[in-house]
Structure formats: C-alpha cells, structure tokens
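Here the structure is laid out as structure tokens; the discussion comes afterwards.
The values are calculated or read from the model by the stated rules, or taken from the named source; none is laboratory data. Predicted, not measured: the structure shown is a model, and the values here were computed from it. Neighbour counts are summed over all protein chains in view; Cβ atoms, including those assigned to glycine, are modelled from backbone coordinates with ideal geometry. Note: areas computed on protein heavy atoms with side chains; ligands, DNA, RNA excluded. Shrake-Rupley method; radii C 1.70, N 1.55, O 1.52, S 1.80 Å.
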Amino acid sequence: VVVFMKGSPAQPLCGFSNAVVQILRLHGVEDYRAHDVLQDPDLRQGIKDYSNWPTIPQVYLNGEFVGGCDILLQMHQNGDLVEELKKLGIRSALLDAEKDQEKK
C-alpha cells in the first residue's frame, strides 16, 4: 500500500489526505508507504501525470493506481477495500470487529 498525500500519516495536511489515513486505520493498515507531495513539486506533478488523475491523495495497491479519497471511501463503504486488501495478504481489522459484534 502506497499513498501519495499532503503531509504524513501522523500529520495529514488536508482533509482528503486525512480521510484516506483514517480509512486505512479503520482497516488496521498501519504499515504502508506514504509520500508527502508537498515536499517535492516534481513528485506532486509527476504522480498526477503518471496516474492521469488530477488530485492528491492517490492510493496504490500492489503497484496499481486505485484512486483518490472518493474512490477509497466508496471501496470502504461497499466492501471492496476488504477484498482488495485480502489480495495483498492484509486482513482488514473490520472483519475482526464484525466477529466481536456477533459475539455480543
């Protein structure tokens, strides 16, 4: 999992970058690479050119561009993110949360 964002996971510098960090955190994804595009204008423009996507943040899973905040949010809401993480060998923490709710 790689995220090109404004700021860092510990200190996102825009609401959309923060939303991506929060979605990943909900799924228990803590070990991912994050690149702060505000530190490098060439990277900021280069990643937009590479993906042909005009906005930041940008999320990549297994080297493939997934989308920005809106796409990741949609994937989170419809369950696709759980499946995509599973393909990477990452078990979503939401699956464990569901099991805990079933026990109650």
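Details
- Looking across region 34-43 at every residue that is touching a residue at least 24 places away in the same chain (Cβ under 8 Å) and in a helix (DSSP H, G or I), the one that is surrounded by the most Cβ atoms within 10 Å (Cβ to Cβ) is identified as Val37.
- Residues of region 1-42 classified as among the polar types (S, T, N, Q) and over 11 Å from the mean Cα position of the chain (by Cα), total: 3
- Taken over region 71-80, the criterion of being over 16 Å from Lys6 (Cβ atoms) and in a helix (DSSP H, G or I) is satisfied by Ile71, Leu73, Gln74, Met75, His76, Gln77, Asn78, Asp80.
- Tallying residues that are surrounded by fewer than 18 Cβ atoms within 10 Å (Cβ to Cβ), at pLDDT 95 or above and outside any helix (DSSP H, G or I) within region 10-33 yields 7.
- Members of region 48-70 found to be free of Cβ contacts under 8 Å to residues at least 40 places away in the same chain, open to solvent by less than 50 Å² (accessible area, probe 1.4 Å) and not in a strand (DSSP E or B), listed by number: Lys48, Ser51
- A search for C-beta distances below 6 Å between a residue of region 1-14 that is in contact (Cβ under 8 Å) with a residue 40 or more places away in the chain and any residue that is of a type in the set (Val, Ile, Thr) and assigned to a strand (DSSP E or B), counting only pairs 6+ apart in sequence or on different chains, returns Val3/Val59.
- All told, Gly68 meets the bar of being in contact with a Pro (Cβ under 8 Å, 6 or more places away or on another chain) and closer than 15 Å to Val2 by Cβ.
- Test for Glu84: is it surrounded by 14 or more Cβ atoms within 10 Å (Cβ to Cβ), out of contact with any Ser or Thr (no Cβ under 7 Å at 6 or more places or on another chain) and among the charged types (D, E, K, R): yes
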